[in-house]
Amino acid sequence: MIDARTLAETKLAEKPFFAISENGNRALSLVNEKVYVLDFESGTEKLIGNGTETYEYYFADAVGKEVIHVESGEEIVVHVIRVDSSEVNTWKMKDWFETNNFTLTSIKKDDEGIYVAAESKEDGYGLYHLDYNGNIKTISTLENIDSLDTYDFIGTDKIIFNDIYKGNSGIFMIDLASDEVTQLVEGGKDEEGIWVPFYKLSPDHSKILFDTPVQVGNEYKTNVYMAELVNDKLENTVRILENAELYAVISYTGAWSSDSQTAYISTSTKPGDSMINTIEVFSLKL
């Protein structure tokens with residue numbers, strides 16, 4: 001860990017890790033096909049499963065108490081692992097959904113079960129909730145939405161997502177009570193095709209970072225913006241990086257502090273470089 005202000009370095013763990021909990025206290029590590037949860041505060045580690053692909057495991061909550069594991073072998077099976085107790089709940093997706101083109105990252109967790117964006121065998125594509133007893137409930141029909149690969153709940157009655165709605169790309173918000181969709185950021189189309197902006201939601205759900213591509217000569221770079229979410233609209237939008245080199249979209253290269261007052265963005269030195277060269281830090285003035 002590097003302190004952004006003093007640049008002092010602190011070693012957190014012996015094992016390499018591929019994901020960190022939102023509060024920064026726990027991490028997921030894959031070593032020799034074994035998956036561990038590393039606890040930085042206690043200096044301990046816990047074996048929670050096996051695997052060969054990092055994307056099949058991700059934290060279900062901000063503090064890293066639960067982990068979602070999506071098996072993608074002969075059939076798709078979702079496990080929710082409670083790290084401290086090793087308790088596991090399991091759902092076989094074929095019992096409810098068509099699993100062709102199933103998106104592994106479309107699983108979210110709440111106290112009652114899991115949310116799944118997929119094609120139901122009975123009711124078609126939509127957002128569904130499966131409880132611990134295997135009961136299914138329709139949350140949204142996702143009418144006119146191509147997919148819900150990336151989404152976040154804002155409270156219990158709204159969802160922010162990025163994809164294509166009624167043929168237009170962008171970042172949108174759904175009011176789950178009315179199924180009304182509001183566009184927050186427009187996407188676009190260039191010579192390479194349709195592009196969709198990505199976002200990073202702050203922990204308190206009051207702000208987002210979002211990105212848009214920009215062509216500079218023969219290369220594509222990225223502009224990054226910060227904005228506030230107020231009454232289902234974006235306000236006080238500010239461009240914080242112009243013509244930046246990001247090794248991936250902002251949902252992977254951007255991060256927020258736990259108090260939602262500081263944004264961190266990883267940048268590279270040249271196109272296609274996956275190595276982080278600089279961490280840009282942006283603090284809000286209160």
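Numbers for the structure displayed
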{"read-out": "Top-ranked residue of the stretch 216-233 - restricted to ones that are part of a strand (DSSP E or B), open to solvent by 40 Å² or more (accessible area, probe 1.4 Å) and closer than 17 Å to Glu186 by Cβ, ranked as modelled with the highest pLDDT", "value": "Tyr225"}
{"read-out": "Residue list for the stretch 51-68, restricted to those being hydroxyl-bearing (Ser, Thr, Tyr) and either surrounded by 14 or more Cβ atoms within 10 Å (Cβ to Cβ) or in contact (Cβ under 8 Å) with a residue 24 or more places away in the chain (or both)", "value": "Thr54, Tyr55, Tyr57, Tyr58"}
{"read-out": "Odd one out for Phe161 among (1) assigned to a loop (DSSP other than H, G, I, E, B); (2) surrounded by 15 or more Cβ atoms within 10 Å (Cβ to Cβ)", "value": "(1)"}
{"read-out": "Checking His205 against (1) part of a loop (DSSP other than H, G, I, E, B); (2) loosely packed, with under 15 Cβ neighbours inside 10 Å; (3) in contact with a Leu (Cβ under 9 Å, 6 or more places away or on another chain), the condition it does not meet", "value": "(2)"}
{"read-out": "Hey, Val185 surrounded by fewer than 18 Cβ atoms within 10 Å (Cβ to Cβ), of a type in the set (A, V, I, L, M, F, W, C) and either assigned to a loop (DSSP other than H, G, I, E, B) or modelled with pLDDT of 85 or more (or both) or not", "value": "no"}
{"read-out": "Count of the stretch 241-262 residues which are open to solvent by 30 Å² or more (accessible area, probe 1.4 Å), under 21 Å from Glu22 (Cβ atoms) and part of a strand (DSSP E or B)", "value": "1"}
{"read-out": "Asn133, sole failed condition from (1) out of contact with any strand residue (DSSP E or B) (no Cβ under 8 Å at 6 or more places or on another chain); (2) open to solvent by 30 Å² or more (accessible area, probe 1.4 Å); (3) farther than 24 Å from Tyr58 by Cα", "value": "(3)"}
{"read-out": "Residue list for the stretch 54-79, filter: under 21 Å from Asn101 (Cβ atoms), modelled with pLDDT of 95 or more and not in a strand (DSSP E or B)", "value": "none"}
{"read-out": "One residue from Lys92, Lys34 being free of Cβ contacts under 8 Å to residues at least 40 places away in the same chain, within 21 Å of Asp149 (Cα to Cα) and more than 15 Å from the chain's Cα centre (by Cα)", "value": "Lys92"}
{"read-out": "Residues satisfying the stated conditions in the stretch 19-50, i.e. among the polar types (S, T, N, Q) and either in a strand (DSSP E or B) or open to solvent by 30 Å² or more (accessible area, probe 1.4 Å) (or both)", "value": "Asn23, Asn25, Ser29, Asn32, Ser42, Thr44, Asn50"}
{"read-out": "Hits in the stretch 171-229 (condition: within 18 Å of the chain's Cα centre (by Cα) and of a type in the set (Ser, Thr, Tyr))", "value": "Tyr199, Ser202, Ser206, Thr212, Tyr225"}
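The values are calculated or read from the model by the stated rules, or taken from the named source; none is laboratory data. Predicted model only: the values in this text are computed from it and were never measured. As a convention, Cβ positions derive from the backbone with ideal geometry for all residues, glycine included, and neighbour counts pool all protein chains shown. Surface areas here come from the heavy atoms of the whole protein model, side chains and all, with no ligands, DNA or RNA. Shrake-Rupley method; radii C 1.70, N 1.55, O 1.52, S 1.80 Å.
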